[in-house]
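Report on the following structure.
Readers should treat all values here as calculations from the given coordinates under stated rules, not as data from a laboratory. Since the model is a prediction, treat every value here as computed from it, not as a measurement. With ideal geometry, Cβ positions are generated from the backbone for all residues, glycine too; neighbour counts draw on all protein chains shown.
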Amino acid sequence: MENPGFSARQFALTALLAATAGVAVPPAAAAPYFGRNKVQYGSFDFEVLKTAHFAVYHYPAERAAA
């Protein structure tokens, strides 16, 4: 007498679907994460020329123009 549960064909199809689903889902490490391409700022060497109404920020080499 045959088992009333899964047939061999149903078992093979279920195993194939389970194996395919495991391959189709990307791993968590492959997903993009926040802050991946973070901008790295350098230190800027500038001076401030303050007047009565505003402040002029300039580099030391541009002091004559400021």
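Here each label is just a point 7 Å from Cα along the line to Cβ, and for Ala12 and Phe54 those points are 8.0 nm apart. Once you list every other residue whose beta carbon is under 12 Å from the beta carbon of Phe46, what net charge do they have if Lys and Arg are +1 and Asp and Glu are -1? Net charge in that neighbourhood comes out at -2. Summarising the amide proton neighbourhood of Val56: residues at separation of 5 or more, or on other chains, whose placed amide H is nearer than 5 Å comprise Leu49, Lys50, Thr51.
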